[in-house]
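Down below is the structure, laid out as structure tokens.
The values are calculated or read from the model by the stated rules, or taken from the named source; none is laboratory data. What you see is a predicted model; the values in this text were computed from it and never measured. Here the Cβ positions follow ideal geometry from the backbone for every residue, glycine too, while neighbour counts run over all protein chains shown.
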Amino acid sequence: MRVGALTAAWSAQPLEEVLDFFAECGLEAVEIGAGNYPGTAHCDPKVLNASKAKRDASAGLLRAVGGELLSSGCSISRTRR
């Protein structure tokens with residue numbers, strides 16, 4: 001089992017700094033927010049879908065710290081009418 005964390009609590013810091021911090025803490029996996037509640041500070045699907053270079057750069061950050069992407073989270077809030 002790998003222990004990881006969700007990046008949303010650190011959305012004010014660049015993803016590279018967050019991943020470095022997680023690695024220093026011994027975390028091996030990460031969930032990156034990708035919209036709605038967790039926001040898009042570390043993963044904006046529209047930007048990444050439009051640019052292979054940005055996708056490769058994001059993947060490179062994970063590889064650099066030896067981390068594994070567990071998921072990208074996009075919480076959806078629904079209200080009944």
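Counting only residues that are more than 14 Å from residue 6 (Cβ to Cβ) and outside any helix (DSSP H, G or I), which one in segment 41-53 is modelled with the highest pLDDT? Walk me through how you get there before you give the answer.
From segment 41-53, those more than 14 Å from residue 6 (Cβ to Cβ) are 44-53; that's our starting set.
Narrowing further to those that are outside any helix (DSSP H, G or I): 44, 51.
Values: 44: 91, 51: 96.
Per the criteria, the residue is 51.
Would it be correct to say that residue 20 is out of contact with any strand residue (DSSP E or B) (no Cβ under 6 Å at 6 or more places or on another chain), surrounded by 15 or more Cβ atoms within 10 Å (Cβ to Cβ), charged (D, E, K, R) and at pLDDT 90 or above? Full working, then the answer.
Working: out of contact with any strand residue (DSSP E or B) (no Cβ under 6 Å at 6 or more places or on another chain): yes; surrounded by 15 or more Cβ atoms within 10 Å (Cβ to Cβ): yes; charged (D, E, K, R): yes; at pLDDT 90 or above: yes.
For residue 20, the condition - out of contact with any strand residue (DSSP E or B) (no Cβ under 6 Å at 6 or more places or on another chain), surrounded by 15 or more Cβ atoms within 10 Å (Cβ to Cβ), charged (D, E, K, R) and at pLDDT 90 or above - is met.
Go through segment 34-59 residue by residue and tally those that are at positive phi and small (Gly, Ala, Ser).
First, the residues of segment 34-59 that are at positive phi: 35-36, 39.
Among the residues that remain, those that are also small (Gly, Ala, Ser) are: 35, 39.
Adding up the residues that qualify gives 2.
For segment 11-24, give me the residue count where each residue is free of Cβ contacts under 8 Å to residues at least 12 places away in the same chain, assigned to a loop (DSSP other than H, G, I, E, B) and out of contact with any Phe, Trp or Tyr (no Cβ under 9 Å at 6 or more places or on another chain).
Kept after step one, since they are free of Cβ contacts under 8 Å to residues at least 12 places away in the same chain, are these residues of segment 11-24: 13-14, 17, 21, 24.
Retained after the next criterion (residues that are assigned to a loop (DSSP other than H, G, I, E, B)): 13-14.
When the remaining residues are screened for being out of contact with any Phe, Trp or Tyr (no Cβ under 9 Å at 6 or more places or on another chain), the result is 14.
Here the count works out to 1.
It is to be established whether one or more residues within segment 60-75 are touching a strand residue (DSSP E or B) at 6+ places or on another chain (Cβ under 8 Å), modelled with pLDDT of 90 or more and under 17 Å from residue 11 (Cβ atoms). Write out each step before concluding.
At the first step, the residues of segment 60-75 found to be touching a strand residue (DSSP E or B) at 6+ places or on another chain (Cβ under 8 Å) are 62, 67-75.
Those still in the list that are modelled with pLDDT of 90 or more too: none.
For segment 60-75, residues touching a strand residue (DSSP E or B) at 6+ places or on another chain (Cβ under 8 Å), modelled with pLDDT of 90 or more and under 17 Å from residue 11 (Cβ atoms): absent.
For segment 4-16, which residues satisfy the criterion of being surrounded by 11 or more Cβ atoms within 10 Å (Cβ to Cβ) and of a type outside the set (S, T, N, Q)?
At the first step, the residues of segment 4-16 found to be surrounded by 11 or more Cβ atoms within 10 Å (Cβ to Cβ) are 4-11, 13-16.
Of everything in segment 4-16, those that are surrounded by 11 or more Cβ atoms within 10 Å (Cβ to Cβ) and of a type outside the set (S, T, N, Q) turn out to be 4, 5, 6, 8, 9, 10, 14, 15, 16.
Just the residues that are small (Gly, Ala, Ser) and either closer than 13 Å to residue 74 by Cβ or loosely packed, with under 11 Cβ neighbours inside 10 Å (or both), please, taken from segment 23-40. I'd like the intermediate steps shown before the answer.
Step one: of segment 23-40, the residues small (Gly, Ala, Ser) are 23, 26, 29, 33-35, 39.
The answer is 26, 33, 34, 35, 39.
Do the conditions hold for residue 56, that is, is it surrounded by fewer than 17 Cβ atoms within 10 Å (Cβ to Cβ), part of a helix (DSSP H, G or I), among the charged types (D, E, K, R) and free of Cβ contacts under 8 Å to residues at least 24 places away in the same chain? Don't jump to the end; show me each part of the working.
On the way: surrounded by fewer than 17 Cβ atoms within 10 Å (Cβ to Cβ): yes; part of a helix (DSSP H, G or I): yes; among the charged types (D, E, K, R): yes; free of Cβ contacts under 8 Å to residues at least 24 places away in the same chain: yes.
So residue 56 passes the test.
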